[in-house]
1. Here are labelled values, [x] 17.5; [y] 18.4; [z] 21.4, and one is the computed Kirkwood radius over Cα pairs in Å for what I pasted. Which one?
2. Under a 5 Å amide H to amide H cut-off, with H placed in plane at 1.01 Å, what residues pair with VAL111 once short-range neighbours are removed?
3. If you count only protein heavy atoms and use a 1.4 Å probe, how large is the accessible surface of ARG48, to the nearest 10 Å²?
4. Quickly estimate the mean residue ellipticity at 222 nm for the chain, helices only: each DSSP H run with n ≥ 4 gives -39500 (n - 2.57), and the total goes over all residues, rounded to 500.
5. Rank these residues by their accessible area, most exposed first, probe 1.4 Å: THR194, THR207, THR16.
6. Calculate, in nm to one decimal, what SER129 and ALA179 gain on full extension: separation in residues at 0.36 nm each, minus their alpha carbon distance.
7. Determine the per residue accessible area of the chain with all protein chains present and a 1.4 angstrom probe, expressed in square angstrom.
8. Out of the total accessible area of the range 63-188 (probe 1.4 Å, heavy atoms of protein only), what percent is carbon and sulfur?
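The values are calculated or read from the model by the stated rules, or taken from the named source; none is laboratory data. Bear in mind that the values here come from a model prediction, so they are computed numbers and not experimental data. Side chains are part of the model used for accessible areas, which takes the heavy atoms of the whole protein and leaves out ligands, DNA and RNA. Shrake-Rupley method; radii C 1.70, N 1.55, O 1.52, S 1.80 Å.
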Amino acid sequence: MIKAFIFDLDGVVVDTVGYHFDSWIKLAHSLGFKLNDDIKEKLKGINRMTSLDIVLAHGGITASQAEKIEYAKQKNDWYLESIASMNDDIILDGVKEFLISTQKEKLKIAVGSASGNARKVLSKTSIYSKFDIIKDSNDAKHSKPHPEVFLKAAEALSVDPSEAIIFEDSAKGVDAAKAGGFKCVGIGSADILTDADIVMDNLTHITADIIVKLLS
């Protein structure tokens, strides 16, 4: 029996991918190289330090741990500046309606995000109160594809992984869901999210009861 939905944040509930990428572009520029758009997909679903390693490797930059910590802080500072201007415009199409339908089905709702700023981002929107639990990289030692953040969310909701469905837009996030024993709805490209149980473009024109029927 499905009792809960657990959502990744960026790319599933809100569109902040561009904000993150702009911050990485600024960091790359400050270090003397450019980021190409083709690296975007590689940065999805992973935490800040793992993303930093990918960005630095892209630029051929070798850095000490102390330097990496400073670079990650600078990137996050730029990202936090952008959060100040966020509002409901960042909520992806269909999400509000889907969350309402989820509440009508009396399902528990959580966020399981690789971001360290999930609460700050959601607090800028009108859907913040719809989530019973928010877990992000501040609550998990391991980054996706490790399932820790999803397992922490399920534990906080008092549900077993078999009783929860994960919504993810990254391959690493799907891998994390499956590794944790969850069923998973992929949001995005079926060519990328190959291990998801089902894949859809977005959450428009879909309701919670349909997802439950498809994956029960």
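1. Checked against the structure: label [x].
2. Amide H to amide H, under 5 Å and 5 or more residues apart or across chains, VAL111 pairs with PHE7, ILE133, ILE134, LYS135.
3. 80 Å²
4. -12000 deg cm²/dmol
5. These residues rank, largest area first, as THR194, THR207, THR16.
6. 15.1 nm
7. Per-residue value: 47 Å².
8. Carbon and sulfur: 48 percent of the exposed surface of the range 63-188.
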